[in-house]
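> First, the structure itself, so that you have it in front of you.
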Amino acid sequence: MPGLDYPKPFCWVMDGSAIPIPQLAFITNPQSPITVLDMNTQPHDHIVKSYDEERHHVINQILRMGEMAAAQLESALDVVQRRDDKAAERIIANDEAIDALERSIGHDTMTLALRGPMARDLREILASLRIVSDIERIGDYAANVAKRSMALNQSPPLPMTRGLHSLGTLAVEQVRDVLRAFQANDAEAAQRVRARDAELDVEYTGLFREMLTYMMEDARSITPCTHLLFMAKNLERIGDHATNIAENIWFLVHGEAEMPARVKRDETNTAT
């Protein structure tokens with residue numbers, strides 16, 4: 001209201017005196033004993049020392065989760081070969097450990113997000129959340145392969161299981177290679193993983209056609225081949241998730257810079 005003299009906001013400075021905030025802009029004498037903290041500048045290192053320790057903990061947990069998912073996948077391929085229902089049940093039960101680790105990493109990552117991260121850290125937080133989600137899906141698909149193997153064991157062995165193992169081996173290599181790229185923060189290695197996904201797609205398409213031919217020739221094979229088709233699709237999707245991780249590593253290192261074009265070798269799902 002007119003006539004009232006409102007108190008002016010003051011800022012306390014290092015010599016113990018108080019200066020009205022508007023006057024801070026005029027303190028330019030470098031010899032002045034007054035020291036004013038510039039809130040617009042931030043040091044490169046984090047003020048809170050524990051931030052980097054927590055960050056490394058999250059990265060190590062992501063790598064641990066990725067190793068668990070890769071081991072699950074290898075075990076699932078093994079039980080398909082050995083037709084071992086008991087081992088398949090253990091793989092299915094172990095998927096909960098991967099899910100629990102995903103929840104723990106998600107919590108720790110969100111804690112980092114509340115610590116005032118810088119731009120590079122924000123990219124790392126976003127990429128980590130995406131990568132953890134992809135690893136969790138890889139674990140789910142490995143458990144699905146194990147679950148389908150139990151149904152497959154109700155029928156006589158099929159020759160196409162060898163092709164399934166070959167496809168699965170490619171998927172495991174993709175997962176392990178992309179985890180190494182993440183550990184090394186290597187965008188170029190991640191790009192190579194992404195490019196190799198075309199090989200897995202071609203392998204999947206060939207196996208798919210082989211199973212369709214087998215079903216047409218022998219109707220008794222329709223049920224077991226259907227299970228194999230679902231298992232093969234799970235493995236192909238694992239390759240896609242490895243590609244997603246590779247793309248997030250590229251984003252982590254290069255930001256929004258566009259990745260190199262990827263050659264598409266499997267044109268079976270392209271309309272002409």
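The values are calculated or read from the model by the stated rules, or taken from the named source; none is laboratory data. Because the structure is a prediction, the values reported are computed rather than measured. Counting neighbours? That spans all protein chains shown, and the Cβs are built from the backbone with ideal geometry, glycine included.
> Taking Leu228 as the residue in question, decide whether it is in contact with a Gly (Cβ under 9 Å, 6 or more places away or on another chain), in contact (Cβ under 8 Å) with a residue 60 or more places away in the chain and farther than 25 Å from Val253 by Cα.
Numbers: in contact with a Gly (Cβ under 9 Å, 6 or more places away or on another chain): yes; in contact (Cβ under 8 Å) with a residue 60 or more places away in the chain: yes; farther than 25 Å from Val253 by Cα: yes.
Taking the combined requirement at face value, the residue satisfies it.
> Do you know which residues across the range 65-98 are within 30 Å of Arg123 (Cα to Cα), surrounded by 15 or more Cβ atoms within 10 Å (Cβ to Cβ) and in contact (Cβ under 8 Å) with a residue 24 or more places away in the chain?
Within the range 65-98, Met65, Gly66, Met68, Ala69, Ala70, Gln72, Leu73, Asp95, Ile98 meet the criteria.
> Would you confirm, using the coordinates I've provided, whether Arg103 is within 28 Å of Thr161 (Cα to Cα) and at pLDDT 90 or above? Please lay out each step first, then the result.
Numbers: within 28 Å of Thr161 (Cα to Cα): no; at pLDDT 90 or above: yes.
No.
Here's the yes/no breakdown for (1) closer than 30 Å to Ala242 by Cα; (2) modelled with pLDDT of 95 or more:
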position: Pro20; (1), (2): no, no
position: Ala25; (1), (2): no, no
position: Pro30; (1), (2): no, no
position: Val36; (1), (2): no, no
position: Asn40; (1), (2): no, no
position: Asp52; (1), (2): yes, no
position: Gln72; (1), (2): yes, yes
position: Leu77; (1), (2): yes, yes
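> Inspect all residues belonging to the range 109-129 and state whether any of them is surrounded by fewer than 22 Cβ atoms within 10 Å (Cβ to Cβ) and farther than 22 Å from Tyr51 by Cβ.
no
> Criterion first (part of a helix (DSSP H, G or I), more than 21 Å from Val178 (Cβ to Cβ) and small (Gly, Ala, Ser)) does Ala87 satisfy it? I'd like the intermediate steps shown before the answer.
Values: part of a helix (DSSP H, G or I): yes; more than 21 Å from Val178 (Cβ to Cβ): yes; small (Gly, Ala, Ser): yes.
When the stated conditions are applied, Ala87 passes them.
> If the requirement is being in a helix (DSSP H, G or I), surrounded by 22 or more Cβ atoms within 10 Å (Cβ to Cβ) and basic (Lys, Arg), which of these qualifies: Arg194, Arg180, Arg209, Arg220? Even if it seems obvious, please write down each step before you answer.
On the way: Arg180 fails: surrounded by 22 or more Cβ atoms within 10 Å (Cβ to Cβ); Arg209 fails: surrounded by 22 or more Cβ atoms within 10 Å (Cβ to Cβ); Arg220 fails: surrounded by 22 or more Cβ atoms within 10 Å (Cβ to Cβ).
Result of the check over Arg194, Arg180, Arg209, Arg220: Arg194.
> I need the full set of residues from the range 149-176 which are free of Cβ contacts under 8 Å to residues at least 24 places away in the same chain and under 24 Å from Arg64 (Cβ atoms), in order please.
Residue satisfying the conditions is Glu173 alone.
> State whether the residues of the range 129-136 include one that is farther than 19 Å from Leu252 by Cα, assigned to a helix (DSSP H, G or I) and modelled with pLDDT under 95. Walk me through it before giving the result.
So in the range 129-136, the residues farther than 19 Å from Leu252 by Cα come out as 136.
Now drop any that are not assigned to a helix (DSSP H, G or I), which leaves 136.
Now drop any that are not modelled with pLDDT under 95, which leaves none.
Among the residues of the range 129-136, not one is farther than 19 Å from Leu252 by Cα, assigned to a helix (DSSP H, G or I) and modelled with pLDDT under 95, which makes the answer no.
> Might you check whether a residue that is closer than 20 Å to Val175 by Cα, without any contact (Cβ under 8 Å) to a residue 60 or more places away in the chain, in contact with a Phe, Trp or Tyr (Cβ under 9 Å, 6 or more places away or on another chain) and in a helix (DSSP H, G or I) occurs anywhere in the range 241-257?
no
> Restricting to the range 140-161, what's the tally of residues that are under 12 Å from Ala87 (Cβ atoms), part of a helix (DSSP H, G or I) and among the polar types (S, T, N, Q)?
1
> Do we find that Val58 is among the aliphatic types (A, V, I, L, M), within 19 Å of Ala171 (Cα to Cα) and touching a residue at least 12 places away in the same chain (Cβ under 8 Å) in this structure? Explain how you work it out, then say what you get.
Details: among the aliphatic types (A, V, I, L, M): yes; within 19 Å of Ala171 (Cα to Cα): no; touching a residue at least 12 places away in the same chain (Cβ under 8 Å): yes.
In short, no.
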